[in-house]
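Written out below as structure tokens is the structure these notes cover.
The values are calculated or read from the model by the stated rules, or taken from the named source; none is laboratory data. Fair warning: this is a prediction, and the values are worked out from it, not measured in the lab. When we count neighbours, we look across all protein chains shown, and the Cβ atoms used for this are built from the backbone with ideal geometry, even at glycine. When the accessible area is computed, the model is the full protein with side chains, heavy atoms only, and any ligands, DNA or RNA have been set aside. Shrake-Rupley method; radii C 1.70, N 1.55, O 1.52, S 1.80 Å.
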Amino acid sequence: LPGKVAFKTQFRVNRALLDEALLARAKAAGCWAVFYGVESGNQAVLDLMKKGTTLDEIRRAFDLTRRAGLTTIASFMVGNVGDTVHTVADTVRLCREIAPDEFGFAIATPLPGTALHRLAREKGWIEIEDLRDYSEFTPVARNEALTRDEIRALRDWADRTARAHRDLHRK
């Protein structure tokens, strides 16, 4: 668009913060995509993370964003407090349901100074201490139900499964 800068931005899904008017203003200003940190498709995991969002708010945000004519981008995490094989399957189901245009699955990483780091340290879950080894694709800690290897395998499975579903439905 002449005279406008095209940009993407991050919004929260919270009903009190996101509405049609905000999305329309963002689009009018040149926004072409909105990124949402969904994190999990399981309400109990979202609550344990103290995310402050609900699954219904997530669904609503993606619906509103799509209706506003904006590209949707979602990020999900595997290995959060409370995550199990079943909760990760819930997350894949939610990803399929909200059908973001782009998405990614990362591994929950207990970065120093965060509540997750404090809890993981207290529980003895951190198995790699060297911060140079920390990445969104390398688990450095387990959780109460999953080993680091299980977290890595679940992240790979979730990403592969959700992408296969998206690609099948794009044809």
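In region 34-111, one over the average inverse separation of all distinct C-alpha pairs is 12.5 Å, which is the Kirkwood hydrodynamic radius.
Rolling a 1.4 angstrom probe over the chain with all protein chains present gives an accessible area of which 55% lies on carbon and sulfur atoms. At each listed q (0.23 Å⁻¹), what is the log10 of I(q)/I(0) that the Debye formula gives for region 112-164 modelled as equal alpha-carbon point scatterers? Listed by q, the Debye log ratios stand at -0.91.
Each Cα pair of region 67-121 feeds into the Kirkwood radius, which the Stokes-Einstein equation turns, at 4 °C and 1.567 mPa s, into a diffusion coefficient of 101 µm²/s.
Between amide H atoms placed 1.01 Å from N, distances below 5 Å from TYR36 occur with ILE73, ALA74, SER75, all of them 5 or more places distant or on a separate chain.
The HN-Hα couplings worked out from phi for region 19-33 by the Karplus form 6.51 cos²θ - 1.76 cosθ + 1.60 (θ = phi - 60°) are 8, 4, 5, 4, 5, 5, 5, 4, 5, 4, 7, x, 5, 10, 8 Hz, whole numbers, x standing for Gly and Pro. The stretch between VAL5 and HIS165 holds 54.3 nm of extra length on full extension. This uses 0.36 nm per residue minus the Cα-Cα distance. Charged side chains reduced to their Cβ positions (Lys and Arg at +1, Asp and Glu at -1) give the chain a dipole of some 700 debye around its Cα centre. The string of couplings for region 94-108 from the Karplus curve (6.51, -1.76, 1.60, θ = phi - 60°) is 5, 4, 4, 5, 7, 6, x, 5, 9, 7, x, 10, 10, 9, 5 Hz, one whole number per residue in order, with x for Gly and Pro.
Average accessible surface for the chain: 54 Å² per residue, computed with a 1.4 Å probe over protein heavy atoms with every protein chain in place.
Could you work out the per residue convex hull volume over the alpha carbons of region 1-77, in cubic angstrom? Before the final figure, lay out the partial values.
Values: hull volume 5.9 nm³, N = 77.
Expressed per residue, the convex hull around the Cα atoms of region 1-77 is 77 Å³.
Each Cα pair under 8 Å and six or more residues apart adds its sequence gap; the mean of these over the residue count of region 28-98 is a relative contact order of 47 percent.
For the chain, what is the calculated [θ] at 222 nm in deg cm²/dmol (nearest 500), taking -39500 (n - 2.57) for each run of four or more DSSP H residues and dividing by its residue count?
On the way: 6 runs with 74 residues, N = 171.
My calculation for the chain gives -13500 deg cm²/dmol from helical runs alone.
The translational diffusion coefficient of the chain, from Stokes-Einstein at 4 °C and 1.567 mPa s with a Kirkwood hydrodynamic radius over alpha carbon pairs, comes to 77 µm²/s.
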